[in-house]
1. Can you tell me which residue is farthest from the chain's Cα centre (by Cα) among those in the range 144-192 that are of a type in the set (V, I, T), part of a loop (DSSP other than H, G, I, E, B) and within 22 Å of L268 (Cβ to Cβ)?
2. For the range 310-342, what are the residues that are at pLDDT below 85 and in a loop (DSSP other than H, G, I, E, B)?
3. How many residues does the range 203-228 hold that are modelled with pLDDT of 90 or more and touching a Pro at 6+ places or on another chain (Cβ under 7 Å)?
4. Being farther than 30 Å from P344 by Cβ, of a type in the set (D, E) and surrounded by 14 or more Cβ atoms within 10 Å (Cβ to Cβ) narrows it down to one of E179, E164, E145, so name that one.
5. Hey, could you check the range 102-142 for residues that are without any contact (Cβ under 8 Å) to a residue 12 or more places away in the chain and β-branched (V, I, T) and say which is surrounded by the fewest Cβ atoms within 10 Å (Cβ to Cβ)?
6. State the number of residues belonging to the range 72-84 that are out of contact with any helix residue (DSSP H, G or I) (no Cβ under 7 Å at 6 or more places or on another chain) and either within 16 Å of ligand 2 (Cβ to nearest atom) or closer than 20 Å to I136 by Cα (or both).
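The values are calculated or read from the model by the stated rules, or taken from the named source; none is laboratory data. Please read these numbers as outputs of a predicted model, since none were measured by experiment. Here the Cβ positions follow ideal geometry from the backbone for every residue, glycine too, while neighbour counts run over all protein chains shown.
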Amino acid sequence: MGIEKSSLYYAWENGMVGSMANIITTTESGVLIPGPTATLIHDEWYAALRTSELRPKTMAKTMLLDIPLIVGRKAEGALFAMRDSCPHRGIPLSAGWFDGHKVTCKYHGWDFEPCSGQCTQIPSLTSHDKLDATKIYATAFPCVERDGHAWVYVPSAGAGRVTEASKLKPVPELKKFSEKYRTAHLSADMPLNVDHGIVGLMDPAHGPFVHQAWWWRSQSSIREKTKRFEAVPEGFRMSAHAPSGNSAPYKLLGVYGHPVETTIEFVLPNRRTEQIRCGDKWFSSLTTVTPVTGSTCRIDVVAAWNVFYRVPFVLPIAKFFGRMFVEQDVQTMVEQAEGLKHNPSLMLIDDADKPAKWYFALKQARIDGRGKHPIDEPVDLHWRS
Ligand code: FES
Ligand SMILES: [Fe+2]
């Protein structure tokens, strides 16, 4: 019953995609479920929500990898993340109460310390009961604040209790290169699975079509590009290069009179980082595509820069253009999702879709624990954009 896990990325990896006709399946009741879904990567940190939503003593509902969550901030400031489900009878804990110290279930009033998930009180117990409430745990996840995101570590099913952030892989963080800088962020929900979101994120060939604008570039500015890529652990890096001279904002950066250098990197499960440096001026961004459910995702961009630090209006202008860019991508993906409902066959072509192929190969290697890194030695990719 339910949704059959998609073989989408295996199909893509194993040869330019045959039919994906089996990705939409029916439930026992015969109702069509929209697909396709993606296989999800556990044992990773994911951005759950913006911490600006969380004043002390409040909690909010969200979802990561099909797991309903409550994420909140205790009275003294610590963040927590719990599965939004009482271990007693499964009612959402978000239906209950949070006083800044403990989460209380609405149904029978059990109390939980939210960072550990430990049950601290069962009101119905009497002196005749042997049950030790403190041996009971609701599911809690490590939760850490970085760059305004509440990052939640999502372990694989059956991993047991994982609550200490310090024993896990490092929490992703936006790189900054000076003490003073400005920041901005953007988020958008997308109605397709995380694989399509990530493929869209690393797609070099859509720019002149999706993002055409007089001040940026037009289709007539398309020219051949050659970019060198090299392997990094579970990812790849576009080697430092001078950005394309045919885009206006990069020309603008040239005003500082130093050579401009850009480095773009992708690492599993979902992170693209970009750094543009020009003497001691810099711009840095971290973009993540987070699986909310198996078939939907959310894109988050956090950026920091010290370029034009003193020039007024740069922040609103940068936000305006950033939002416009993301909106153009999201609009395109909403349209793509419409097309995907009808189960089309898909293609990945060389060289423009090579990064997407690498992503699927890396993901497959991570999930199967088999296969090797798709990049043996630095390789040049050529495309026109
Ligand atoms: S269902 Fe939560 S205390 Fe009973
Ligand atoms: Fe784009």
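1. This residue is V162.
2. Those that are at pLDDT below 85 and in a loop (DSSP other than H, G, I, E, B): R310, V311, P312, F313.
3. Result for the range 203-228: 1.
4. On the way: E179 fails: surrounded by 14 or more Cβ atoms within 10 Å (Cβ to Cβ); E164 fails: surrounded by 14 or more Cβ atoms within 10 Å (Cβ to Cβ).
After applying the criteria, what remains is E145.
5. T126
6. 3
Table: residues versus (1) within 16 Å of ligand 1 (Cβ to nearest atom); (2) in the same structural domain as V302 (by TED's automatic domain parsing); (3) in a strand (DSSP E or B).
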site: I70; (1), (2), (3): yes, no, yes
site: A75; (1), (2), (3): no, no, no
site: R89; (1), (2), (3): yes, no, no
site: H101; (1), (2), (3): no, no, no
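A quick yes/no check of all residues on (1) in the same structural domain as L64 (by TED's automatic domain parsing); (2) modelled with pLDDT under 95; (3) among the polar types (S, T, N, Q):
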site	(1), (2), (3)
C143	yes, no, no
D147	yes, no, no
V162	yes, yes, no
A231	no, no, no
